[in-house]
């Protein structure tokens with residue numbers, strides 16, 4: 001008999017698990033422990049509309065307080081979990097209390113990777129992951145402020161775009177030879193570098209930051225090639241690391257995240273995990289993955305909730321991602337790892353195109369820039385393991401769904 | 001504050017407060033309307049907040065942009081009055097707006 005489900009974490013996965021548990025008719029206790037003092041909220045707007053000041057804080061939470069009251073969710077917010085005692089099926093909180101569970105869901109997310117460069121602890125060096133991070137950054141993004149962004153990935157570039165739109169002088173420093181190198185094709189990287197430069201952002205790739213120094217004129221960012229940049233505010237977006245400490249200390253298997261099986265179970269049958277913190281099998285792509293995405297948090301938490309209730313549900317989804325920069329929408333579906341062919345559809349100069357990835361003729365991923373119909377078609381085709389007709393695929397005048 | 005009506009997949013009629021400036025999707029989410037998944041939270045990236053707008057209301061909404069058009073084209077079972085509720089913004093003139101939530105947002109749902 002499951003009478004208490006304890007959820008650690010306060011993001012997308014936690015919110016979704018609660019939703020699924022109650023919609024499935026689970027009547028027992030749900031206790032949510034989150035170390036942030038906020039109701040579960042959406043993180044994507046933090047680098048976009050919320051940072052820009054276009055979205056009020058009350059629009060970030062998935063649900064407002066009355067929902068949690070009506071659905072009898074006990075909220076323990078602003079308190080961290082200190083330790084999992086598996087033998088007692090209990091979690092010790094940082095404030096000294098202990099909470100017992102029948103089933104535990106770890107939806108603990110990831111943390112910004114911290115820069116280790118000398119000077120990284122200077123005031124004015126910021127990370128962007130949580131609501132509390134946004135205020136100080138936003139306060140510094142005044143028109144004319146010099147902003148240096150370290151890292152040309154999603155968060156860095158979205159922050160750069162927002163800062164530029166607020167009138168800041170923005171420089172992006174990226175270590176790799178192109179932007180978003182880990183996640184997109186070079187044609188997409190080039191497109192985004194061009195967009196940022198057109199907007200007036202200085203985009204510098206192949207550069208490694210070696211030192212940060214404070215001074216009367218702000219921060220000085222020095223790079224390995226001898227170049228240096230001055231900044232009033234510095235935002236670091238160099239990736240995230242999964243929050244595995246609690247799980248690992250409790251003896252749960254961790255490897256690039258909390259290890260879970262396709263039923264979202266950790267190596268303890270009473271403990272499940274979902275979202276950014278997990279290292280899990282992708283059934284469709286037949287490999288283990290750790291995904292930092294809203295989609296995965298949502299879907300895995302939904303599956304986890306069903307499995308928590310004993311309704312065996314394999315987490316088997318095609319991942320998707322998006323990024324908003326200026327008026328550009330990048331939509332990605334699938335995983336491109338292991339591809340053997342790339343096909344460009346359309347002309348980047350037209351500001352709408354997509355890149356298709358094939359592996360042994362099968363469509364495995366698509367990156368669509370301002371092209372929602374290619375993206376939507378791809379979601380279906382990838383799930384159905386379609387092997388597209390190459391000639392039609394390369395012809396942007398033929399809808400992707402007809403390229404078979 | 002305007003009121004809008006959602007017909008949930010079960011047939012239940014829910015009349016709820018819709019703050020001006022919110023999207024119709026946000027209204028649905030805050031009122032826990034069944035059948036609106038809204039995975040991407042309003043970025044027009046997932047097509048899981050699809051609704052059928054009551055015919056009399058459809059023409060009174062601001063027209064769709066190209067991104068929404070492309071998303072809807074391949075959403076599950078789109079109809080002539082389909083919209084993504086995240087792209088419908090509440091204004092005073094939407095008092096009484098009525099939409100129906102489809103039984104499924106995605107193929108995988110039973």
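The values are calculated or read from the model by the stated rules, or taken from the named source; none is laboratory data. Just so you know, these numbers come straight off a predicted model, no measurement behind them. Positions of Cβ are backbone-derived with ideal geometry, glycine not excepted, and every protein chain shown enters the neighbour counts.
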TODO: For residues that are at pLDDT 95 or above and over 21 Å from residue A:246 (Cα atoms), scanning just the stretch A:1-17, find the one that is farthest from the chain's Cα centre (by Cα).
DONE: A:3
- [ ] For the stretch A:174-190, indicate whether the set of residues that are assigned to a helix (DSSP H, G or I) and surrounded by 20 or more Cβ atoms within 10 Å (Cβ to Cβ) is non-empty.
- [x] yes
Task: Flag for residue B:69 being within 12 Å of chain A (Cβ to nearest Cβ), closer than 30 Å to residue A:400 by Cβ and either surrounded by fewer than 16 Cβ atoms within 10 Å (Cβ to Cβ) or in contact with a helix residue (DSSP H, G or I) (Cβ under 9 Å, 6 or more places away or on another chain) (or both) - done: yes
Task: residue B:44, sole failed condition from (1) crowded, with 23+ Cβ neighbours inside 10 Å; (2) within 12 Å of chain A (Cβ to nearest Cβ) - done: (1)
TODO: For residue B:97, work out the one condition from (1) touching a strand residue (DSSP E or B) at 6+ places or on another chain (Cβ under 6 Å); (2) closer than 29 Å to residue A:369 by Cβ; (3) away from chain A (no Cβ under 12 Å) it doesn't fulfil.
DONE: (2)
- [ ] Find the strands (runs of 3 or more DSSP E) located wholly in the stretch A:317-397 whose residues include 2 or more that are within 13 Å of chain B (Cβ to nearest Cβ) and buried (at least 20 other Cβ atoms within 10 Å of the Cβ), and list them.
- [x] A:320-325, A:328-334, A:362-369
- [ ] Output yes when any residue across the stretch A:94-111 is closer than 22 Å to residue A:229 by Cβ and under 22 Å from the mean Cα position of the chain (by Cα), and no when none is.
- [x] no
